[in-house]
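Enquirer: Got a structure for you, written out below as structure tokens; questions coming shortly.
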Amino acid sequence: MTGTAVAVACALAAAVLIAVGSVAQQRSAAAVSTSDSLIGGVLRSPRWWAGIGGDGGSYLLQIAALAFGSVLLVQPLLVTSLLFALPMAAATGGHRITRTTWLLAAGLCVALAVFLIVGNPTAGSGDPAAAAWALPLGIVVAVTGATIVAAVVAPGLRALAFGTAGGILYGVTAAFTKHVTDLFARGLSAVLGSWQSWTLIVAGAAAVYLQQLAFQAGALTASLPALTVGEPLAAIFLGMTVLGERLHVDGPRLLLVLAAIAGMLATTVALSRQQAAGTEPVTESGTTPPPETRRRR
């Protein structure tokens, strides 16, 4: 099995665990009243710990995928977590997957295939210095800060804004994971002595916390699209600007790749809403119940 095949297999397996973890964590976080401690509430939830276990397994698989493939290859494949979430949501929610959902899923698969085949992403080389990280990372941090401010000043946008911020930081984590994974070839001392390793830990912890805030603030319909789209966009941005990864987009290839990216974004958002709607409890009349579903355990 080639390195690319290993990266693809690990990324797809990680996507399965992401699908499981997202639903479990959202239900647990949403059950915590906004007047109570979010951290204390979720730590008492076995379902939340199961979701965290899924995320942990997913991250280990992402590390393996990034050891064999580029960020530009691995991150788009993680979007397929939505495809795995569809049958899971249908099975647990007692509903059928609609024709529209299947068409959207097919559209995502086609867009992803075009991006990977036409774009043919390749890994970068070398060890970027701190100066190379400064401007791109500064842009990403500024965007993250702006979304957090939006969540604070506009309560109606909390789920969307916190989801966006969490997704962006997960993308930062992916980019640093790729770099740190490559450092292991130099030994453990190189990993522990790298500022990127410690920044990875901080970014990862912040991403998890913002994700829980997004899950607590509202339905998956608002938070999941932002989380799903924000992560690959931030990771791809850092992969191309810092890690030296490239897409083959000469001539007409550029138009195809741009169309594929647009298609992935559009179908991802639509599928996220479809999947999220399937995980939300419904009343006998078929409508989503009001916020009292966030009851205390």
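The values are calculated or read from the model by the stated rules, or taken from the named source; none is laboratory data. Not measured: the values here are computed from a predicted model. With ideal geometry, Cβ positions are generated from the backbone for all residues, glycine too; neighbour counts draw on all protein chains shown.
Enquirer: Across the stretch 55-79, what is the total count of residues that are free of Cβ contacts under 8 Å to residues at least 40 places away in the same chain and surrounded by 21 or more Cβ atoms within 10 Å (Cβ to Cβ)?
Expert: Within the stretch 55-79, residues that are free of Cβ contacts under 8 Å to residues at least 40 places away in the same chain and surrounded by 21 or more Cβ atoms within 10 Å (Cβ to Cβ) number 0.
Enquirer: Ok, one more. Pairs only if they're at least six apart or on different chains, beta carbon under 6 angstrom, first in the stretch 250-271 and within 15 Å of A226 (Cβ to Cβ), second surrounded by fewer than 14 Cβ atoms within 10 Å (Cβ to Cβ) and among the small types (G, A, S); list them, first residue then second.
Expert: none
Enquirer: Only one of these is under 15 Å from the mean Cα position of the chain (by Cα) and aliphatic (A, V, I, L, M): A67, A50, A15. Name it.
Expert: A15
Enquirer: So is L82 surrounded by 21 or more Cβ atoms within 10 Å (Cβ to Cβ), at pLDDT below 80 and either among the basic types (K, R) or closer than 27 Å to Q25 by Cα (or both) or not?
Expert: yes
Enquirer: Just to check your reading of the model, which residue among L265, L238, L256, L243 is of a type outside the set (D, E), under 29 Å from G145 (Cβ atoms), surrounded by fewer than 22 Cβ atoms within 10 Å (Cβ to Cβ) and at pLDDT 80 or above?
Expert: L265
Enquirer: Residue by residue through the stretch 157-211, note down the ones that are under 15 Å from A129 (Cα atoms) and among the basic types (K, R).
Expert: The answer is K178, and nothing else.
Enquirer: If you check A5 against the conditions, is it out of contact with any Asp or Glu (no Cβ under 6 Å at 6 or more places or on another chain), crowded, with 16+ Cβ neighbours inside 10 Å and within 19 Å of T80 (Cα to Cα)?
Expert: no
Enquirer: Only residues that are surrounded by 23 or more Cβ atoms within 10 Å (Cβ to Cβ) and outside any helix (DSSP H, G or I): list them for the stretch 8-39, please.
Expert: V32
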